Structures are given as structure tokens and as C-alpha cells.
Amino acid sequence: MTTRPGTTRVDGLLRDLAPQVLGVLVRRHGQFDVCEDAVQEALLAASRQWPADGVPDNPQGWLITAASRRWIEQYRSDMARRQREERVVALTPPPDPVPAHDDTLTILAMCCHDSLTTASQIALTLRAVGGLTTAEIARAFLVPEATIAQRISRAKQKIKQAGARFRPPKDLAAVLHVLYLIFTEGSTASSGDDLVRVDLTAEAIRLTRQLHRRRPHDGELTGLLALMLLTDARRPARTDTHGALVPLTEQDRTKWDHDAITEGTALIQHALETAQVGPYQLQAAIAAVHAEATTAQDTDWHQILGLYDLLTVTAPGPMVSLNRIVAVAMVHGPDQALTELSTLDLDHHRVHAVTAHLLDLRGDHDQAREEYEKAARRTLSVPEQRYLTLRSRRPR
């Protein structure tokens with residue numbers, strides 16, 4: 001045994017090992033649902049035992065053994081009901097096994113199976129691959145624990161019914177989408193008292209890093225990791241000491257994480273030079289342009305608008321169009337931006353917030369106040385609501 005570790009170190013280790021242990025069990029036994037339950041119990045046992053007794057010399061082997069024993073107990077119980085318990089006698093797990101494969105990517109793909117809803121994909125990914133408990137996931141998304149437990153249970157049943165095969169995915173699109181959604185919810189929480197949920201952003205970055213180590217030449221995966229790093233780099237400056245939102249143009253850029261910016265910029269430059277361009281790369285490139293500017297006034301909005309034009313072609317959508325309109329205003333003025341905004345079919349509080357910003361730029365401050373008030377009433381994020389309300393009351 002090693003020296004006794006802190007709880008934080010143990011939690012990090014367990015989260016790194018969770019998908020690998022689950023992959024070993026599913027590869028050996030099949031039955032994703034039963035294996036996932038067994039791994040969760042092994043993780044729980046380790047989280048209680050390791051901080052007190054120390055981390056085993058082979059922590060992965062310890063978890064595989066513990067999870068295998070739990071799987072066998074469940075198998076025995078099932079077979080007993082079917083009068084076939086004798087088949088279990090030979091199922092003794094090997095001591096301290098060392099798997100020949102790392103199945104993290106395969107497990108991720110199963111969690112993102114297309115038979116599942118997006119909410120179920122996210123919950124199952126965070127538990128089976130992220131190693132988070134059901135309670136931790138529920139707290140992160142501000143929903144009852146029973147709701148998350150039900151989503152996970154249903155997801156595992158659907159995977160079983162769909163007969164999902166245990167094999168690495170050829171296409172990472174679904175996996176990247178789920179990781180992006182986890183990060184997005186964390187970086188700008190859609191509801192609640194906090195603007196940023198660091199637990200979700202950190203977990204999304206950690207999982208994406210794991211995946212990137214396995215597929216370092218995948219352009220879109222590299223772009224997604226760069227986008228996360230460049231976006232998260234601004235986190236220290238996005239709120240003031242009272243937790244109030246600080247818009248990008250007013251942020252203290254000395255507070256940005258410049259190590260993350262350096263890493264993210266290098267990643268996206270490499271991806272753009274070596275891989276076919278995709279939506280995550282373009283979003284990361286836009287974030288890199290913002291990061292390169294030493295002040296808001298130095299921002300190269302012409303380059304940003306050009307990147308949004310490309311993004312509109314490769315991944316069209318109302319939110320992409322809305323963000324592009326902001327760039328249009330900075331390059332061509334608020335009148336042209338407002339004209340384009342009037343044709344946008346999107347029911348979202350950000351439409352009112354952008355409208356208000358454009359009206360302010362044009363000098364129509366009374367109309368801008370009304371739009372800020374509408375946006376404040378419609379958002380579920382408390383920090384955004386406070387910011388928009390203050391903007392509506394700000395003297396012009």
C-alpha cells in the first residue's frame with residue numbers, strides 16, 4: 001500500500017479508472033447494465049476504504065477484482081432463481097488483473113447510444129465514464145436524485161434492449177456532442193444561482209483530454225478540447241467578487257488563464273493545419289481570436305465574422321446565426337445587424353439580450369431597456385437575470 005491519500009486524490013483516481021474497469025467487465029461478461037452496477041459498488045467501496053487504508057499497489061486490479069466479485073454475486077443470485085448456480089463455481093476472478101485494452105472510448109460510445117435521449121446520454125456518461133455518483137450528477141443539474149437514477153436505469157435497459165455491441169466507434173460525433181453539452185451546461189449554467197458549474201466544466205475537459213490521448217489526430221476532437229480550454233480560460237474573469245456576471249468586453253484579461261490559452265491555441269492551430277475543418281475547430285478558432293486580443297478594442301472582428309460565415313455553412317443553426325449577428329454589428333454596424341436579427345426564427349432570452357445590445361449601440365436606449373427587461377424575465381440563470389436587470393436600469 002502507498003501512504004494514505006487525501007479524499008480529493010482518491011476521487012480523481014477513481015474517476016480516471018472507472019471507464020477502464022467497466023470496459024474490462026463488459027468485455028469479459030457482457031451485460032452492460034449489471035457490470036455498471038458492479039463497478040459503481042466497487043468505486044463506492046474504494047472511496048470508503050482507500051482514504052483510510054491507502055491506495056493499493058494496483059488500484060485498477062483492486063477495482064476489477066471487487067467489481068468482478070460483485071458481478072459474480074449478482075450472477076449467482078440470478079442463477080439460483082433459475083436452478084443453475086453450479087455454473088458459477090468456475091467464475092473466480094483472477095488476482096490483480098491487468099487489462100490488455102483500455103476501453104474508455106468504447107464505453108463512451110455505449111453511453112451515447114442513439115437509442116437514448118440526450119439527457120440520458122449525459123447522465124449515463126457522467127456516471128459510467130466520469131465516475132460521478134448519482135447524487136453528484138443530480139446536484140450538478142439541480143434535479144432530484146431520483147430523477148437522475150431513473151434516467152440512468154432506463155438508459156441501461158435501453159442499451160440492453162437495443163443489443164448495443166461492445167466495440168470502438170468509427171464516428172465520434174455523438175460522443176463529442178455529449179461532451180460539448182456537458183461543458184456548455186457547466187460554462188453557462190442554464191438555471192440556478194451560479195453562472196458557472198466548475199464540476200461539469202472540469203469533468204467535460206477531463207473526459208475530452210482522456211479521449212484526445214487516444215485519438216490525438218482527430219481534428220474535431222482536438223478542436224473540441226481547444227474550445228473547452230479557451231472558453232474555460234476566461235472563467236476567473238467572468239464574474240466579480242459578488243458572483244455577478246461580467247461581459248467579455250469588460251473582463252479583466254489579466255485574470256484569464258494564459259496557460260490554458262497557450263495550450264488551446266496550439267491545439268487549434270495544429271488541427272486547422274492538419275485536419276479537415278469542422279464546427280468545433282471553427283468555434284475554437286473564434287475563441288482563440290478573442291483570446292489573442294489584449295483589450296476588447298483590439299479584437300479582430302473581421303476575422304471573427306469570417307469564421308462565423310464558415311461556421312454558418314458547416315453547422316447552420318439559430319444560435320450560430322445569433323452569435324454571427326453580434327459580429328456583424330461590430331463590423332458593419334448595429335443597423336445591418338438588427339435587420340438580420342429581424343429575420344431570425346429563435347425563441348430564446350438571448351435574442352432579447354442581443355437586440356437590447358444592438359439598440360444600445362444605435363442609441364435607442366429606451367427600447368433597449370425594454371428588451372433587457374424581457375430577457376431578464378425569461379432567463380432561468382440568476383446571475384444572468386441580475387446582469388440583465390442592471391443593464392435595463394443603467395443610466396444612459
Under 17 Å from the E250 label point (7 Å along Cα→beta-carbon), backbone N, segment 277-315: 296-297
Segment 227-332 shape via C-alpha gyration tensor axes, a/c threshold 1.5: oblate
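Taking K and R as +1 and D and E as -1, what net charge do the other residues with C-beta under 9 Å from the C-beta of E292 add up to? Please report the intermediate quantities before stating the final value.
Values: positive: none; negative: D298, D300.
Neighbourhood net charge equals -2.
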Whole-Å distance, taken between Cα centres, linking segment 122-157 and segment 303-339: 36 Å
Extreme residue, positive dipole direction of the chain, given options L380, A271, S68 (C-beta unit charges): S68
Computed [θ] at 222 nm, helices only, for the chain once each DSSP H run of length n ≥ 4 contributes -39500 (n - 2.57): -21500 deg cm²/dmol
Cα shape, segment 155-249, gyration tensor, a/c 1.5 rule: oblate
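Kindly provide the Kirkwood hydrodynamic radius of the chain in Å, to one decimal, from all pairs of distinct alpha carbon atoms. Could you put the intermediate results ahead of the total?
On the way: mean 1/r = 0.0431 Å⁻¹.
About 23.2 Å, per the Kirkwood formula over Cα pairs.
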Nitroxide proxy distance, nm - points 7 Å out along Cα→Cβ at Q276 and R377: 4.7 nm
Point-to-point label distance, N58-E73, nm (Cα→Cβ direction, 7 Å offset): 2.2 nm
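What shape does segment 320-396 take by its C-alpha gyration tensor, where a ≥ b ≥ c are the square roots of the eigenvalues and a/c under 1.5 counts as rounded, a/b above b/c as prolate, and the rest as oblate? Could you put the intermediate results ahead of the total?
Values: a/c = 2.09, a/b = 1.30, b/c = 1.60.
Cα axes put segment 320-396 in the oblate bin.
Between beta-carbons, use under 10 Å as the cut-off and find the net charge around L359, counting Lys and Arg +1, Asp and Glu -1. The partial results should precede the final answer.
Working: positive: R362, R369; negative: D360, D364, D366, E370, E371.
Net charge around L359: -3.
Using a 1.4 angstrom probe on the protein heavy atoms only, line up V10, V198 by accessible area, largest first.
Values: V10 0, V198 70 Å².
Ranked from most to least accessible, the order is V198, V10.
Suppose R0 equals 35 Å. What FRET efficiency, 1/(1 + (r/R0)^6) with r the Cβ-Cβ distance, do T147 and V198 give to the nearest 0.05?
Values: r = 22 Å, r/R0 = 0.63.
Step by step, r from the Cβ atoms, then E = 0.95.
With r defined as the distance between the Cβ atoms of T262 and A296 and R0 fixed at 25 Å, what FRET efficiency is calculated, to the nearest 0.05? Write out the running numbers ahead of the final one.
Numbers: r = 20 Å, r/R0 = 0.82.
The formula returns an efficiency of 0.75 here.
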Length gained when the stretch D347-S47 is fully extended (0.36 nm per residue, less Cα-Cα span): 103.5 nm
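Please list the three semi-axes, largest first and in whole Å, of the ellipsoid equivalent to segment 199-270, using sqrt of 5 times the eigenvalues of its alpha carbon gyration tensor.
Working: eigenvalues 131, 36, 13 Å².
Equivalent ellipsoid of segment 199-270: 26, 13, 8 Å, largest first.
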Probe 1.4 Å, protein heavy atoms only - accessible area per residue of the chain in square angstrom: 49 Å²
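The values are calculated or read from the model by the stated rules, or taken from the named source; none is laboratory data. What you see is a predicted model, and the numbers here were worked out from it, not measured in a lab. Please note: Cβ atoms are built from the backbone with ideal geometry, for glycine as well, and neighbour counts cover all protein chains shown. For the accessible areas, the whole protein counts, side chains as well, though only heavy atoms, and no ligand, DNA or RNA atoms are used. Shrake-Rupley method; radii C 1.70, N 1.55, O 1.52, S 1.80 Å.
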